[in-house]
1. Compute the angle between helix 372-439 and the longest alpha-carbon principal axis of the chain, please, reported from 0 to 90 degrees and rounded to the nearest 10.
2. With a 10 Å Cβ neighbour count serving as the proxy for reagent exposure, in which order, fewest first, do 386, 224, 55 appear?
3. Going by C-beta contacts inside 10 Å, put 32, 93 in order with the fewest on the left.
4. For a quick check: sort 483, 152 by the number of other beta carbons within 10 angstrom, fewest at the front.
5. If the chain between residue 448 and residue 305 were fully stretched, how many nm would it gain, using 0.36 nm times the residue separation less the Cα-Cα distance?
6. How fast does the stretch 49-133 diffuse by Stokes-Einstein, in µm²/s, taking the Kirkwood radius from C-alpha pairs at 10 °C and 1.306 mPa s?
7. 7 Å from Cα along Cα→Cβ at both residue 432 and residue 388: what's the point-to-point distance in nm?
8. So if each residue of separation counts as 0.36 nm, and I subtract the Cα-Cα distance between residue 229 and residue 76, what length gain in nm does that give?
C-alpha cells in the first residue's frame with residue numbers, strides 16, 4: 001500500500017529551488033538512476049531562472065505593484081508614509097498574516113512543537129521579506145513496499161510522470177493559483193517528490209491588496225465547485241461531522257477517505273454548522289481536495305503502465321507535521337525500533353527452534369531454567385553420544401558382516417566340494433551300471449582268476465571309454481583327461 005503525502009505551510013524557501021537546490025543536494029544522488037536530471041522544471045522555465053523574479057511576477061498578477069509602479073506611487077505619498085524600499089512594501093502587505101502567526105506562536109498553552117514550527121516560518125519570512133507558501137507532494141513514501149516486478153528505474157519514472165500530470169491537472173491548478181515555481185526533485189536520498197512555492201496576495205472589495213491565504217483558499221474552493229456555495233457548505237458540514245468522531249489512531253480509516261465516501265454516496269450532513277466552524281475546516285477541505293486529485297492522477301498513470309499501485313486508506317502516522325530534524329530523528333528511532341523488533345522476533349523464533357530440536361533429540365521438553373546456550377550444549381553432548389554409540393554399532397555390524405561373508409564363502413566352497421563328490425559318486429554308479437553285465441561275462445571271470453592283469457587292462461579300457469562318454473568337456477579339462485584310448489596299462493588307475 002502507498003500513501004499520498006501533501007505537506008504545506010509557510011516554509012517555502014527560494015534557496016531550496018532550482019540551481020541552489022541542485023547545489024545543496026549535490027552529494028545526495030544515492031538513488032538517482034542513469035539518465036535522470038536532478039531537477040525537472042514544470043512551468044516552462046529554466047533552473048537558471050531567478051526565483052525572486054518569478055515570485056514578483058506572480059505577485060503582480062495578484063495585484064501587487066511592480067517595482068517601477070511602486071517607486072512612482074511611493075514618491076507621491078507624504079514623506080512620513082513613504083516606504084524605504086520595495087521589500088518593506090511587500091513585508092507590510094504580509095503584516096496581517098504575520099501578526100496572526102506571531103499571536104499563535106505566543107499564546108498561552110501552545111505546544112512546544114507548534115511554537116517551534118511557527119518560529120521557523122517567521123524566520124523564513126524575515127529572510128525573504130515575503131511569506132512563501134511551500135508544498136511537498138509525494139505519491140509514495142520511502143518505507144512503502146514496492147509492487148512486485150517493478151524495478152527502481154520503472155518506479156521512479158512512474159512517480160515523475162504522475163507528478164508531471166498532476167501539475168497540469170485542472171483541480172490542482174484551480175486550487176493553487178499562486179504557484180510561481182514548480183519542480184520535481186530526484187536528487188535527494190528520499191522519495192521522488194514535487195515541490196512548489198506560491199504566494200497568496202488578494203485584492204479585497206475596496207481594491208486593497210493584502211496577503212490573505214485563507215481568502216485565497218476560499219475563493220479557489222468556490223471556483224472548484226463552479227461558484228456553488230451550497231455545495232461548498234455541504235462538504236464543509238460533512239467534514240465537521242467527521243472531525244467530531246474520527247479516530248486518528250494509526251490503522252483507522254482516514255478523514256479524507258470518509259469524506260469522499262460520503263460525497264460520492266450523496267450523503268447529507270447531520271446539521272448546518274456555524275460559519276466559524278466552516279471557516280476552520282476550509283484549509284482541511286482544500287488539502288483533501290488536493291490529495292484526492294493527486295491520488296486519481298497517480299492511479300491513472302499506474303494503470304497505463306501496468307503497475308499494481310494501491311492506495312492506503314488508513315492513518316499510517318499520528319498526522320503531526322515534523323521538520324527535517326525531528327523527522328530524521330524519528331526515522332532513526334523508528335529504524336532502531338524496527339531493528340530491535342526484528343532481533344526480538346528472530347530470537348524468539350530461534351529459541352522456538354532450539355526447543356523443538358531439544359525435544360525431538362532428547363525426548364522431553366527442556367528445563368525452563370536452562371539458557372538457550374545451555375540447551376544447545378546439551379543437544380550437542382547428546383548428539384555426540386549418539387554418534388559414538390552409532391559408530392560402535394556400525395563397527396560391530398561390520399565385524400559381524402565380515403564373519404557372515406566368511407561363513408558364506410566356506411559354505412559355498414563346502415557346497416561346491418560336496419557337489420563334486422556327489423557328481424563323482426554318480427559317475428561311478430553309472431559306470432558300474434554300464435559294465436555290470438560285462439563284469440559277469442565268462443571270459444572276464446576266467447581272466448580275473450587266471451590272468452588278472454589282463455582283466456585289469458580290459459576293465460581299465462572299458463571304464464576309460466565310459467568316462468569319456470559320460471563326462472562333459474569342461475570337466476574333462478578340469479581333470480586334465482588324456483585322449484581317448486590313451487591308457488595302455490594299469491598305471492593309469
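1. Taking Cα atoms only, the helix is inclined about 30 degrees.
2. Ranked by crowding around the Cβ, least crowded first: 386, 224, 55.
3. Ascending Cβ contact count within 10 Å gives the list 32, 93.
4. Fewest-to-most ranking of 483, 152: 483, 152.
5. On the way: separation 143, 0.36 × 143 = 51.48 nm, distance 12.02 nm.
Full extension from residue 448 to residue 305 adds 39.5 nm.
6. This corresponds to a translational diffusion coefficient of 109 µm²/s.
7. 6.7 nm
8. Extra length from residue 229 to residue 76 when fully extended: 50.9 nm.
Computed from the coordinates by the stated procedures, all read-outs in this text should not be read as laboratory data. Everything numeric in this text was worked out from a predicted model, so none of it was measured. Positions of Cβ are generated from backbone atoms using ideal geometry, with glycine treated the same way; all protein chains shown enter the neighbour counts.
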